[in-house]
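Below you'll find the structure, written out as structure tokens, and then a few comments.
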């Protein structure tokens with residue numbers, strides 16, 4: 001008993017937890033990498049919202065300078081809406097076309113994909129631990145089923161054509 005107590009992983013290496021215990025190092029490694037990628041993702045996400053917020057503030061100041069009075073009738077409201085739309089459209093288009101925004105957004109999306117990869121790896125390890133197929137294995141089965149459905153459809157069509165030729169004679 002003393003020997004087993006000195007190795008906590010050995011305690012769980014009987015029964016259904018054996019496979020999970022064997023794969024726990026893989027999961028731990030993925031979790032560490034997820035935390036690192038999550039910190040980077042949050043940095044780029046903060047920058048993304050900062051750029052949007054700054055663009056909004058600048059555009060709103062331009063609208064306030066161009067149309068300082070509160071619109072009083074329907075015609076003035078429509079004029080104000082056109083000014084607002086034009087300024088915001090121009091300012092946000094300028095933001096979205098900027099190299100700085102594009103670079104940050106690209107890094108943001110890249111980190112998001114990295115996080116997704118890590119979660120998929122963890123899910124596959126857990127599925128493997130409980131003897132369930134991975135997503136890739138299920139996808140392969142679906143592809144094969146799709147291929148078989150197409151083949152069966154072609155064969156049924158060919159069989160109908162042969163029957164029609166046979167009945168036509």
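Going by the structure shown, is residue 40 in contact (Cβ under 8 Å) with a residue 40 or more places away in the chain and either surrounded by 15 or more Cβ atoms within 10 Å (Cβ to Cβ) or in a helix (DSSP H, G or I) (or both)? Criteria met by residue 40. What's the total number of residues in the stretch 60-82 that are loosely packed, with under 15 Cβ neighbours inside 10 Å and part of a helix (DSSP H, G or I)? Number of matching residues: 13.
When the test is whether a residue is surrounded by 11 or more Cβ atoms within 10 Å (Cβ to Cβ), modelled with pLDDT of 95 or more and touching a helix residue (DSSP H, G or I) at 6+ places or on another chain (Cβ under 8 Å), residue 107 passes it. Among the residues of the stretch 119-128, is any within 30 Å of residue 46 (Cβ to Cβ), surrounded by 10 or more Cβ atoms within 10 Å (Cβ to Cβ) and free of Cβ contacts under 8 Å to residues at least 24 places away in the same chain? Yes, there is a match, as at least one residue in the stretch 119-128 is within 30 Å of residue 46 (Cβ to Cβ), surrounded by 10 or more Cβ atoms within 10 Å (Cβ to Cβ) and free of Cβ contacts under 8 Å to residues at least 24 places away in the same chain.
Considering only the stretch 111-162, how many residues are under 16 Å from the mean Cα position of the chain (by Cα) and farther than 30 Å from residue 27 by Cα? The number of residues fulfilling the criteria is 0.
The values are calculated or read from the model by the stated rules, or taken from the named source; none is laboratory data. Treat the numbers as computed from the prediction; the structure is a model and nothing was measured. With ideal geometry, Cβ positions are generated from the backbone for all residues, glycine too; neighbour counts draw on all protein chains shown.
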